[in-house]
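K.L.:
Below: one structure in structure tokens.
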Amino acid sequence: MGHGQQHLAALLASLTLLAFLVHTVLDRLHPGDQAVRRQLPSRRTFFEHLRALTQDLPFDSWEHLFDFMLEALQPAQPPPARRAGGKQGQI
């Protein structure tokens, strides 16, 4: 094993720990992150959504991204109630 491979492994391990730290801080302190995470079943699902969205859509900021995710995760509004006496089959 070469000298560079040893340093690369240490660098990648350090970056993984740094990413974990940043995401943990966001989990604890960022209201947008907390709101989105409450809507999703797991951390893995959160990162799958994050990866899918950032792959194709440009966002101006993290706030814009979290606002977009929150809006998309809101349950759909129920259709308006039908009025009494309305005719069947009418659109």
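K.L.:
Take the residues in segment 1-55 that are at pLDDT below 90 and among the acidic types (Asp, Glu); name whichever of them is nearest to Leu73 (Cα to Cα).
P.N.:
Per the stated criteria, the residue is Asp33.
K.L.:
Kindly establish whether Gln34 is assigned to a helix (DSSP H, G or I), surrounded by 10 or more Cβ atoms within 10 Å (Cβ to Cβ), more than 12 Å from the chain's Cα centre (by Cα) and at negative phi.
P.N.:
no
K.L.:
Test Leu29 against the stated conditions and say whether it is surrounded by 10 or more Cβ atoms within 10 Å (Cβ to Cβ) and of a type outside the set (S, T, N, Q).
P.N.:
So Leu29 does not fit the description; no.
K.L.:
Could you please let me know if Leu21 is surrounded by 10 or more Cβ atoms within 10 Å (Cβ to Cβ) and not basic (Lys, Arg)?
P.N.:
yes
The values are calculated or read from the model by the stated rules, or taken from the named source; none is laboratory data. Just so we're clear, the structure is a prediction, and the values are computed from it rather than from any experiment. Because the Cβ atoms are built from the backbone with ideal geometry, glycine has one as well, and the counts that use them run over all protein chains shown.
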